[in-house]
Structures are given as structure tokens and as C-alpha cells.
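The values are calculated or read from the model by the stated rules, or taken from the named source; none is laboratory data. The structure presented is a predicted model; accordingly, all values stated were derived computationally and were not measured. Please note: Cβ atoms are built from the backbone with ideal geometry, for glycine as well, and neighbour counts cover all protein chains shown.
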Amino acid sequence: MPVRVQTEDFDIAREIAALRAANPKVGAVASFIGTVRDVNEGDAVATLTLEHYPGMTERALEGIVAEARSRWRIIDATVVHRVGELRPLDQIVLVVVVGEHRGDAFAACEFIMDYLKTRAPFWKKEQTPEGARWVDARVADDTAAERWAKPKRDAA
């Protein structure tokens, strides 16, 4: 369960190959790559700076992956998230999940990304023509994460 927070870029093919590692049980690889857009909320974005709390962030990501492992039958997962100053087209985040079957791999990958967007301690600041601004949490991200909530048992 590799989880890394780093400033340097990542190589998608190398990350996937390391996760598969000649394991003949792997029948599915699901991945997500997030990149920096040049426009957000109608404004041009020159740079995106991501900040985090070292140690706390990695533990949060490990917890999210552990939760995915408890919900779906997956073999392994990797999360790589970049921090520091990034520019449009730069890669921000990579989530890769390997499993025996696509359904579990797809679901776990989507769950990890949805929870990463709402529960991992990252802060984003955009540089726009009007100046720097912090990026607020999105209602759409919260809504996406809510669908994974486990049903509550009746108090009866």
C-alpha cells in the first residue's frame, strides 16, 4: 500500500508496473490521474500551490486506502499526491488500484479519490490575474463522498 506525498512528478507506467510486480493474480488495474487545469471558476490559473501537514497527510491517505481495502477485494493500491507549486498540465495526483476483478478495482479507485478530495488535509492556492486565492471545498466533492457512507443500523 504505497502512499507518498512529494514535490517531484511521478511516472504512471512505473507506478503501475511496481504495483503489478509480476503478480499473476492481478486481473484488473484501475487508475485516476488528476492534473492542473488552466481555468477554474471562470478565471485563468497560472499556478496552483498545494500545502499539507507532513505526517498527518500520509496517515490520512493510508487510512483512506485501508478503508477501501476493508470494503472491496483488492490486491493493493498506490496513492501519489504532489505538493508545492504546479502549473497547468502538471500531474497532481495518482490513484492506482489492482485487483482480481474490475468491479472492485474501479469502485475502490473511485472511493479513494472521492475521500482524498474531502478528507485528506491538503490546501490549494491558485494564482490568477486578480491575485492569489484559496480554493474552497466543493459541494460536488462532498456529495460524491457521501454516497460511500455506510448505511446506519436501526436503533431498534
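Among all residues of the stretch 131-141, there is at least one that is of a type outside the set (D, E, K, R), surrounded by fewer than 16 Cβ atoms within 10 Å (Cβ to Cβ), under 19 Å from T35 (Cβ atoms) and free of Cβ contacts under 8 Å to residues at least 12 places away in the same chain. When the stretch 55-78 is examined, which residues are found to be in contact (Cβ under 8 Å) with a residue 40 or more places away in the chain and touching a strand residue (DSSP E or B) at 6+ places or on another chain (Cβ under 7 Å)? Correct list: T57, E58, L61, E62, V65, A68, I75, D76, A77, T78.
Is it the case that V98 is more than 26 Å from E146 (Cβ to Cβ) and either among the basic types (K, R) or within 16 Å of the chain's Cα centre (by Cα) (or both)? Yes. Within the stretch 117-156, if we keep just the residues that are within 22 Å of M56 (Cα to Cα) and touching a strand residue (DSSP E or B) at 6+ places or on another chain (Cβ under 7 Å), the residue that is modelled with the lowest pLDDT turns out to be V135.
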